[in-house]
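What follows is a short report on a single structure.
The values are calculated or read from the model by the stated rules, or taken from the named source; none is laboratory data. Fair warning: this is a prediction, and the values are worked out from it, not measured in the lab. Note that we place each Cβ from the backbone using ideal geometry, even for glycine, and neighbour counts take in every protein chain shown. The accessibility values were calculated without ligands, DNA or RNA, using every heavy atom of the protein model including side chains. Shrake-Rupley method; radii C 1.70, N 1.55, O 1.52, S 1.80 Å.
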There are 4 protein chains.
Amino acid sequence: MPAPSEPLHDIAHLGSVELLTPKPDRSLWYFRDLLGMEPVHESGGSVYLRGYGDYATSTLKLTAAKTAGVGCVSWRATSPQALERRAKAIEAAGLGIGWTNGDFGRGRSYRFRDPDGHLMEAYYEEQKFVAPPALHSTLKNLPQKYTGRGVCARRVDHLALLAQDVETNRKFAVELLGFQLREQVRYDQGKTEIGSWMSPTAIHHQLAYVVDVKGARGRLHHFSMWVDNRDDVLRAADILSENGIFIEAGPSKHNNSQGFYLYSYEPGGNRIEVYSGSFLVTAPDWEPVTWSEEERGTGTYWGATLPDSFIQYATPDVQTPNTAPAPEVLKEAIASLS
Amino acid sequence: MPAPSEPLHDIAHLGSVELLTPKPDRSLWYFRDLLGMEPVHESGGSVYLRGYGDYATSTLKLTAAKTAGVGCVSWRATSPQALERRAKAIEAAGLGIGWTNGDFGRGRSYRFRDPDGHLMEAYYEEQKFVAPPALHSTLKNLPQKYTGRGVCARRVDHLALLAQDVETNRKFAVELLGFQLREQVRYDQGKTEIGSWMSPTAIHHQLAYVVDVKGARGRLHHFSMWVDNRDDVLRAADILSENGIFIEAGPSKHNNSQGFYLYSYEPGGNRIEVYSGSFLVTAPDWEPVTWSEEERGTGTYWGATLPDSFIQYATPDVQTPNTAPAPEVLKEAIASLS
Amino acid sequence: MPAPSEPLHDIAHLGSVELLTPKPDRSLWYFRDLLGMEPVHESGGSVYLRGYGDYATSTLKLTAAKTAGVGCVSWRATSPQALERRAKAIEAAGLGIGWTNGDFGRGRSYRFRDPDGHLMEAYYEEQKFVAPPALHSTLKNLPQKYTGRGVCARRVDHLALLAQDVETNRKFAVELLGFQLREQVRYDQGKTEIGSWMSPTAIHHQLAYVVDVKGARGRLHHFSMWVDNRDDVLRAADILSENGIFIEAGPSKHNNSQGFYLYSYEPGGNRIEVYSGSFLVTAPDWEPVTWSEEERGTGTYWGATLPDSFIQYATPDVQTPNTAPAPEVLKEAIASLS
Amino acid sequence: MPAPSEPLHDIAHLGSVELLTPKPDRSLWYFRDLLGMEPVHESGGSVYLRGYGDYATSTLKLTAAKTAGVGCVSWRATSPQALERRAKAIEAAGLGIGWTNGDFGRGRSYRFRDPDGHLMEAYYEEQKFVAPPALHSTLKNLPQKYTGRGVCARRVDHLALLAQDVETNRKFAVELLGFQLREQVRYDQGKTEIGSWMSPTAIHHQLAYVVDVKGARGRLHHFSMWVDNRDDVLRAADILSENGIFIEAGPSKHNNSQGFYLYSYEPGGNRIEVYSGSFLVTAPDWEPVTWSEEERGTGTYWGATLPDSFIQYATPDVQTPNTAPAPEVLKEAIASLS
């Protein structure tokens, strides 16, 4: 195990995200025909999809459910040893659930919950995608043909989760998963942590925790797919508009992350982002950039206003604030991280 | 220290490149006024420049010299301990030169040569750039104002070095620096290693070794600066054309790396690339993509032809093949890596 | 003279716009350093500027004045005969002022007012721009070097004027200037004409009249410069933001005109648009597209909201509604067109 | 009729082009699935297609034939009177064929041949496209939904024809059709006219004549479809490459016209261009830009080389030079224009 002062490199990257949808057929249409993702497998009420540039077989698992929201968030470990180390550390923190035999295209995983209750897992064995003939690319280093269908999103980028207590969940991600903290929004002269953006790799952030203004637990703010150019995001806005998809905000540019964003709701209700721009972080000693209320403003750079729904709406949608205390099983872990 | 089978994470990223130029004033004009880089320091015949998005104070050192070429290539370590580990390993391999007190904006460095003789160093302490008022950005997470001057290159991306023996140098970078091998060109049914592309981070490659067809040593093929969008590369071509700069190739798209390239010669003679596109690699077990003669073709994707100079010309320019054997000091290291 | 049913081709295009500014130095900085326009002449308190792609010597005249607003709007005729025809027709309509000896770079012009009172002129003789050596382009068909400075706006595109009575002014432009009506916004089941977009050429619109909600006369809504790609508009937003310029709206996409817009206030107070996208109209029998309240919505396509200032603010700024009747001199013309 | 010195405005724009193909199914796949054009009608061995932004019902007629090449080139007149005027003038010049009852979506046309023998027609009555529900756009001013399929070319832009004698055909287009000459390539100190680019509207050129180096008659060099941004052309190159289409040249930038080009061969053999950039011409007294051998160079701006096939290949393909004299019927017209 590395010396204390050295960065942890046990998690390599965000592997996949499971989205729950009450309208599986329409959600599939959105991701396949509009975002241009490729369905590669179907089983047990779930469809597995991928971006054309994802090296893994699947990076999005679409699962029929009563309400929209996020299912399991999967992180790939950098090695079998790293996976064991993380499993032990998480288990010791009281957040562990246990080992699974693995999902489609992967080896066994260790499942756990973050302090807010979101279901997560870590795994190492990953089946590299081998394209069927019809999806064979003429580029040898591209795992799949660029089909050009719809937005044709390239790869998974990140997700943002809501949390009752951002600080505790941020500490969890930094200390137990080894993520580097990239940016923060802190109100009240820095005393209130409103949001934190983190990553296990050079991608600016692969996980964000933002405070749940309704006080609920386990909710999803958005899931984000990458395209290479800002122009692709503009084109995505035209495609979504022509197909009757509600665009909540963008295309425009965030100040935190510098991301060029486009938020829409897929038919199942989840907020989906088509994303480009932002910047890579390679500094091993990156100092998190912290934004106050005034500095953050509306969270955009060119003056665009994010609608109130951007703060209020998440999946599953809850009508009234829920201030229920954390389940017993999470309390010890939360205490240790707070 | 990690177990043998775990990836090494001791080098974080390419820190800076020193370019030698016989026309320092004209070269400075090229990098400052055309590429839009910012000069931040001058001393001892060198001007230090940076891209507006580089977090480090300087990523390009422009040094007056009799002939064009590459001076010292600097790599940032992930921690003080990592720096010590790399210094010891390189010294043990017989490639070490010794410690320096550090260059502008940095702490001490350990200098060494790659087997082909290129001068390199590793360091950890890095002075984060703090912009003077005139260069203060309105974006808190941008180290410097986006001036919009010329191409306005964002950050250092990579460099490509020529080598007499690609295989030995590739092994050096993988085994001693811990870089991940991303792509290769291999001729003669895989027996002849023509080029190898490697990286210590998610950026597709930060170092490439390509065979020196003139059999020389220590030469530079090109140095590459990143812009965020392909459109920025097209705009760069217009700016270079309007200013009488010779464009050797592009804008077009490589097949290996998928990079969107634009190669020109700065007035000192070095080949400089304005670069975008390509793709990130986050897989801890990435399998290098290998291209044969036929698969590689001209090295471009859409059918553009790279001119003969792309193979023949490098800096310093040599008129006749030089098949001089390696200096004594490098022989042992070369033997151990071959 | 063409038969009645044939379209009139007497006006070729928008030639130039004179903007009035109470802060001439700061306005010059905005247009020269940020928008990247080229100052080519100075006389009598006015600076003449051009976009790098304008074939005419100057397309923007910046004139020091007590308050911001629009000075003279100049239209180029298609021939000397066409100029005579327009002068006679306008004079006959009671809107004529008389002939001038011409402004910088041009022959004599016939001055007049539109029914709302905006000063306009038509001219034919135009001095083609010949670039001084420093601005010589390497492209023989480009009148001036693409300097790459700031936004580097290519050419004048259009202007939008406010009017007390849109219908009358629209009829004036269609009947007396021969413009083709391209789009309209009509409220109250089509009874109230809120805005009309017109053009003498294939460019979607070069003149728009929009109702002045404050009931004033002779005001400017915005002046618009063209860039070739949507990406150039995004880049413009970054440049303006870094230089402390207030962005009122955009970059985003209008529904009417399909224009990709970015509105900012130049330091003198005038609203300036950096513009791309939109579409060309070549149909000789184009049927104007009419938008009702509901269809127009906020005037944007992807859901962005235009701020209230977009409706309320114009130059010169007036604090209270002015419902003064039209000057006597304009009444007859207004009557004949209504 | 206008006075001699006034420009003629009888032709409004290029209406449509008929392409002949020996592989109609594959050609249809190329235009529909790759370029993203919309088939709207089928009759008599022809499929009629349109770009999503074309206001006319159809702008490309794809006709099964023994060999590739161009069928009828259709020009829309600006008025019924203008159509009559052109018919009479062309008839008087000895190039007329006669009136037809009109093709799909149009009223009667007057057919003729240019001096090189290419079949052309002029018409005025045009059926504005009304989209079926599935193709209804959410933009009221867009005649058809932006489907996002493949390249999704917006509209017809221009075509380039080969001619034995460029000068005669250029004179025909300027004098009889009223096109404005925009650019020329002239070799031998201006004595040999190699190519001429002309247009009836602000679009830089809608018709080009280039010398046929094989001395044949009636051949097509290329047909060109417009996309709004340079980035769309880059994306087109990816789509064509992934689908095994041969890219002959580009994406890159021409010097003459400043067009951003991408040339590929559709499966039937015709050279098709995906095109953006270029510039509008609104000057009524535009002075043609003339390029000598040296100035023109390879015809590209950034240094790219156009392959020899770009000069040699056209449709129908002819193996050996054909120096057959002009048919009797064309001789008189040629004589009058030379």
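Could you tell me whether residue D:138 is surrounded by fewer than 18 Cβ atoms within 10 Å (Cβ to Cβ) and either touching a helix residue (DSSP H, G or I) at 6+ places or on another chain (Cβ under 9 Å) or within 13 Å of chain C (Cβ to nearest Cβ) (or both)? Judged against the criteria, residue D:138 is a match. If you go through the range B:135-187 and pick out every residue that is in a helix (DSSP H, G or I) and of a type in the set (Phe, Trp, Tyr), you end up with 1. Step by step: first the residues of the range A:36-61, then only those that are of a type in the set (A, V, I, L, M) and without any contact (Cβ under 8 Å) to a residue 60 or more places away in the chain, then the one that is nearest to residue A:76 (Cα to Cα). Which residue is that? Checking each candidate, the answer is A:49. Residue C:170 fulfils the conditions (1) more than 14 Å from every other protein chain (Cβ to nearest Cβ); (2) surrounded by fewer than 18 Cβ atoms within 10 Å (Cβ to Cβ); (3) free of Cβ contacts under 8 Å to residues at least 60 places away in the same chain except for a single criterion, (2).
Assessment of the range C:86-97 against the conditions (open to solvent by 30 Å² or more (accessible area, probe 1.4 Å), of a type in the set (D, E, K, R), farther than 29 Å from residue D:182 by Cβ and touching a Leu at 6+ places or on another chain (Cβ under 8 Å)) yields no matching residue. Please go through the range B:270-316 and give me each residue that is among the aliphatic types (A, V, I, L, M), open to solvent by less than 30 Å² (accessible area, probe 1.4 Å) and within 14 Å of chain A (Cβ to nearest Cβ), ordered by number. Within the range B:270-316, B:281, B:283, B:289 meet the criteria.
Among C:191, C:145, which is farther than 26 Å from residue C:76 by Cβ and either open to solvent by 10 Å² or more (accessible area, probe 1.4 Å) or within 14 Å of chain D (Cβ to nearest Cβ) (or both)?
Details: C:145 fails: farther than 26 Å from residue C:76 by Cβ.
Residue meeting the stated conditions: C:191.
Checking each residue in the range A:253-269 for being open to solvent by less than 20 Å² (accessible area, probe 1.4 Å) and more than 14 Å from chain B (Cβ to nearest Cβ) picks out A:261, A:262, A:263, A:264, A:266, A:268, A:269. For residue B:230, the conditions (1) open to solvent by 20 Å² or more (accessible area, probe 1.4 Å); (2) basic (Lys, Arg); (3) more than 11 Å from every other protein chain (Cβ to nearest Cβ) are fulfilled apart from (3).
Applying the selection to the range B:107-120, what residues are part of a strand (DSSP E or B) and surrounded by fewer than 23 Cβ atoms within 10 Å (Cβ to Cβ)? Give the derivation first.
Initial filter on the range B:107-120 (part of a strand (DSSP E or B)): B:109-113, B:119-120.
Within the range B:107-120, B:111, B:113, B:119 qualify.
The strands (runs of 3 or more DSSP E) falling completely within the range B:1-106 that include 3 or more residues that are within 14 Å of chain A (Cβ to nearest Cβ) map to B:11-21, B:69-77.
Of all residues in the range B:195-227, those satisfying the criterion of being at the interface with another protein chain (Cβ under 10 Å from one of its Cβ atoms) and within 24 Å of residue C:234 (Cβ to Cβ) are B:203, B:226. Taking each residue of the range A:133-150 that is under 22 Å from residue B:204 (Cβ atoms) and looking for partners that are open to solvent by 70 Å² or more (accessible area, probe 1.4 Å) and among the acidic types (Asp, Glu) with beta-carbon atoms closer than 7 Å, six or more apart or interchain, yields A:140/B:295. The one condition from (1) closer than 15 Å to residue B:122 by Cβ; (2) surrounded by 21 or more Cβ atoms within 10 Å (Cβ to Cβ) that residue B:62 does not meet is (1). State the number of residues belonging to the range D:265-310 that are over 17 Å from the mean Cα position of the chain (by Cα) and either on the phi > 0 side of the Ramachandran plot or of a type in the set (Val, Ile, Thr) (or both). Residues that pass the stated criteria total 10.
Taken as a whole, the range D:236-243 holds at least one residue that is more than 7 Å from every other protein chain (Cβ to nearest Cβ) and surrounded by fewer than 24 Cβ atoms within 10 Å (Cβ to Cβ).
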